[in-house]
1. So in the chain, what percent of DSSP beta bridges are antiparallel if you round to the nearest 5?
2. Please list, ordered by chain and number, the residues whose modelled amide H lies under 5 Å from the amide H of Tyr318; skip anything fewer than 5 residues away on the same chain.
3. If R0 is 25 Å, what FRET efficiency do you get for Lys421 and Met313 from their C-beta distance, rounded to 0.05?
4. Under a 5 Å amide H to amide H cut-off, with H placed in plane at 1.01 Å, what residues pair with Lys108 once short-range neighbours are removed?
5. Counting only protein heavy atoms and using a 1.4 Å probe, what share of the accessible area of the chain belongs to carbon plus sulfur, as a whole percent?
6. How far is it, in nm, from the label point at Lys236 to the one at Lys182 when both lie 7 Å from their Cα along the line to the Cβ?
7. For segment 1-72, give the magnitude of the charge dipole about the Cα centre (Cβ charges: +1 Lys/Arg, -1 Asp/Glu; no others), in debye to the nearest 20.
8. Along the charge dipole of segment 17-421, Cβ charges K/R +1 and D/E -1, which of Ala214, Phe283, Asn162 sits furthest on the positive end?
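The values are calculated or read from the model by the stated rules, or taken from the named source; none is laboratory data. Every value quoted in this text rests on a predicted model; they were computed, and no experiment measured them. Note that each Cβ is placed from the backbone with ideal geometry, even for glycine, and that neighbours are counted across all protein chains shown. The accessibility values were calculated without ligands, DNA or RNA, using every heavy atom of the protein model including side chains. Shrake-Rupley method; radii C 1.70, N 1.55, O 1.52, S 1.80 Å.
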Amino acid sequence: MVSEKKKRIFPKNFLWGAATSAHQVEGNNKLSDWWAWEKAGNTAESGRACAKYELYDHDFSLAAELGHNSHRLSIEWSRLQRPDGSWDNSEWDHYKKVLSSLTAKGIKPVLTLNHFTLPKYIARQGAWLNRNIIDSFSSFAEKTASILGGMAEFWITINEPNMLAEMAYLKGEFPPCRRDYKESLTVLAHMAEAHAGAYEAIKSALDGNAKVGAAKALTAFHPCRKNNLFDMLAVKKTRWLRNHSFINSLMEGRLTIPGMPEKILKTKKSLDFIGINYYLRQFVRWQGFGGRKSFGKTCPYQHHPESGDITDMGWEVYPEGLYEVIKEMMRYRRPVMITENGIATDDDRRRVEFIRLHLKSAAKALSEGMPLIGYLHWSLLDNFEWTHGYSKKFGLVEVDFKSLDRKIKPSGWYFADIIKKGTF
Ligand code: GAL
């Protein structure tokens with residue numbers, strides 16, 4: 001007899017939840033480089049953000065109500081370590097309480113060590129450009145493991161290394177606002193070294209009882225002119241630089257970043273899982289041979305009638321791309337976790353559709369046997385979207401930034417229903 005119940009597509013132990021980052025939700029991260037940069041008038045101010053620093057328990061109750069069994073969050077380094085190198089025990093206690101609150105609700109933490117921001121004093125010493133950060137970050141990882149170690153199974157060292165290198169050191173849009181191609185590659189190399197150091201530190205502090213990964217921004221790159229060999233070559237190069245060079249370096253244990261000297265890393269295969277942050281497709285057009293040119297340039301969506309809806313961030317909604325990037329990662333033979341995927345929109349019906357279509361893509365990957373272990377939506381709450389301030393709404397839960405009231409959106413309930421049934 002055929003069961004009336006729809007068959008589960010997503011396995012019972014699948015990790016379901018949402019992602020946040022400290023600076024975007026906690027509020028009053030006064031000791032970070034971002035805070036200083038905001039105060040210097042460069043961008044909107046994060047201020048008290050969602051006040052998640054105080055309201056975390058309430059927010060985790062909402063996540064639990066929505067059936068989430070995992071939650072990605074970051075700890076704020078600038079709260080934890082002082083310029084003289086000493087640690088602030090009251091802030092460590094705070095994060096202990098945060099993690100206990102999650103665990104008490106049956107929600108597994110996915111703990112990120114670095115999500116774009118740095119302590120102001122590290123930034124003053126040259127931020128990711130100064131090699132010293134490799135050791136400082138490794139010690140921070142070691143300390144975190146020794147204090148919060150047993151409280152999290154999944155660890156993410158660095159969020160979106162390529163994106164940070166690009167936004168902060170190439171495009172000059174994030175602090176320290178550099179615009180130098182070579183520097184952006186140096187920073188990427190330092191992050192790879194810092195990751196390897198942190199991986200070793202966490203694994204040895206926790207006797208191997210932790211799964212350590214990185215959250216990588218992956219884009220679905222397509223040639224501007226289908227079947228044009230030059231565009232296809234530019235796609236290949238850009239895909240290598242932006243989607244693969246960092247991960248490949250970690251897996252091979254040597255830097256394989258174009259334009260950077262090859263260098264042996266502290267350890268190889270330093271990813272127990274690959275975190276995928278997926279948002280969009282980009283079309284790439286050939287520009288010529290040689291140097292930076294050979295990576296091509298991004299072709300505007302207006303030139304591509306085949307492109308889908310555009311979000312409030314100006315990104316194309318291209319759900320098939322999620323399947324494409326998961327598949328791209330299979331060469332590394334590691335489980336993958338969607339550590340971010342979401343849409344900026346004021347129209348929550350678009351979020352419902354976005355979730356449905358992206359989960360279909362995830363389901364396709366699972367049905368083909370790809371080891372996808374979780375899906376964490378960006379984001380739990382409407383929050384501080386970096387240079388865009390509070391104008392972009394990514395949350396499953398609406399936040400009234402005056403009263404700080406939270407209200408679950410229909411998309412939050414829609415997602416909850418899929419979690420509950422394990423299918424659509
Ligand atoms: C990612 C980033 C998040 C969030 C998201 C939406 O690149 O990790 O912090 O801002 O984009 O733009």
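1. Counting DSSP beta bridges with both partners in the chain, the antiparallel share is about 20 percent.
2. So Tyr318 has HN proximity to Arg281.
3. It comes out at approximately 0.25.
4. Result for Lys108 returns Ser70, His71.
5. Reported share for carbon and sulfur atoms: 51 percent.
6. 2.8 nm
7. 540 debye
8. Value computed over the given set: Phe283.
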